[in-house]
1. Could you give me the ³J(HN,Hα) list for the range 143-159, computed from phi with Karplus coefficients 6.51, -1.76, 1.60 and θ = phi - 60°, whole Hz, x at Gly and Pro?
2. At a 1.4 Å probe, what is the % contribution of carbon and sulfur to the accessible area of the range 17-151?
3. With a 1.4 Å probe and all protein chains left in place, how much accessible area per residue does the range 1-143 have, in Å²?
4. Along the range 93-110, what does the Karplus equation 6.51 cos²θ - 1.76 cosθ + 1.60 (θ = phi - 60°) give for ³J(HN,Hα), rounded to whole Hz, x for Gly and Pro?
5. In this model, which of K4/K136; K109/K136; K20/K73; K159/K203 are farther than 20 Å apart at the alpha-carbon?
6. What base-10 log of the normalised intensity I(q)/I(0) is obtained for the chain from the Debye formula, alpha carbons as equal point scatterers, at q = 0.08, 0.09 Å⁻¹?
7. Given R₀ = 25 Å, what would the calculated FRET efficiency be for T74 paired with R155, taking r from the Cβ atoms and rounding to 0.05?
8. How high is the FRET efficiency from E8 to R221, r the C-beta distance, R0 45 Å, rounded to 0.05?
Amino acid sequence: MTDKVSIEVIGYIKSCFSEKFGTPRQSGLAPSAEARLRLVEPFNRREMVRGLEEFSHVWIQFLFHQVRAEGWKTTVRPPRLGGNERKGIWATRSPHRPNFMGLSAVQLKHIDFDSGVELVLAGVDLLDGTPVVDIKPYLPSSDSLDEASEGWAGRAFEKLEVEFLPAAVQFCSAYENETGVPLQQLITEILKEDPRPPAQRQKKETFGMRLYDVNVRWQVRAASCRVRSCEKVG
Ligand code: SAM
């Protein structure tokens, strides 16, 4: 018999990622990926964030709410290893873990008090609607360990070159003027990490992902990725 504890959600993420495909595999990989963490009552009192704005980065502890229905696994095949090797769940950062708890170190850009309390974050790997259970300041003096080794996750993998067709460049520039979102930069940061699942890397098809209200479509040839179109969702 295991012990059960009950924890409370302190807030929810509003992010540009509404689907898993395309969401960065780790925080910090797409520095332009912004999100807001909206705190909810009774955890949204102003004094609870007093002093937090002095920190450039924070740890966000959250729930992988969109995989709960799939259940947890004892082993998984990390995409970094090409999907060929299994590792124990405790040796990975996979969402399919008992308790479905995630941990991301993200940039804290500022705290917005305009309506409630919202932390404006960047470099996120979090889906829209993610429930958050804790926030802690990131402390480089204790959280960054020079002597740490990266295990299997340190294995090199090929990054993609990203280029855009002219119409896609035009769309991104107009979108940035309208919304302030550096869309071309954001797409580049995501695609250079090759979000395709290993099993789909041999396919010559067009891939698509949604960012904010934009559908992005691209093709990959060898180590180069071409963004063919960006369109507002209808
Ligand atoms: N940095 C965190 C960690 O190490 O615990 C997350 C790493 S996990 C490999 C990142 C992936 O989790 C993203 O690419 C996305 O597919 C998935 N993800 C993010 N938010 C999620 C959520 N709320 N529910 C389910 N999956 C989520």
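The values are calculated or read from the model by the stated rules, or taken from the named source; none is laboratory data. In this text the structure is predicted, and so the values were computed from the model without any measurement. Here Cβ is always computed from backbone atoms with ideal geometry, including for glycine, and neighbour counts include all displayed protein chains. For the accessible areas, the whole protein counts, side chains as well, though only heavy atoms, and no ligand, DNA or RNA atoms are used. Shrake-Rupley method; radii C 1.70, N 1.55, O 1.52, S 1.80 Å.
1. Running phi through 6.51 cos²θ - 1.76 cosθ + 1.60 with θ = phi - 60° gives 8, 10, 10, 4, 8, 5, 9, 9, x, 5, 5, x, 5, 5, 9, 7, 8 Hz.
2. On the way: 3720 of 7640 Å².
The value for the range 17-151 is 49 percent carbon and sulfur by accessible area.
3. On the way: 8250 Å² over 143 residues.
On a per-residue basis, 58 Å².
4. With the stated coefficients, the range 93-110 comes to 10, 4, x, 7, 10, x, 6, 6, 9, x, 9, 10, 9, 10, 6, 9, 7, 5 Hz.
5. Working: K4/K136 23 Å; K109/K136 15 Å; K20/K73 18 Å; K159/K203 17 Å.
As for pairs spanning more than 20 Å Cα to Cα, those are K4/K136.
6. The Debye formula, applied to the Cα set alone, gives -0.33, -0.42.
7. On the way: r = 22 Å, r/R0 = 0.88.
According to the calculation, E is roughly 0.70.
8. On the way: r = 48 Å, r/R0 = 1.08.
Approximately 0.40, to the nearest 0.05.
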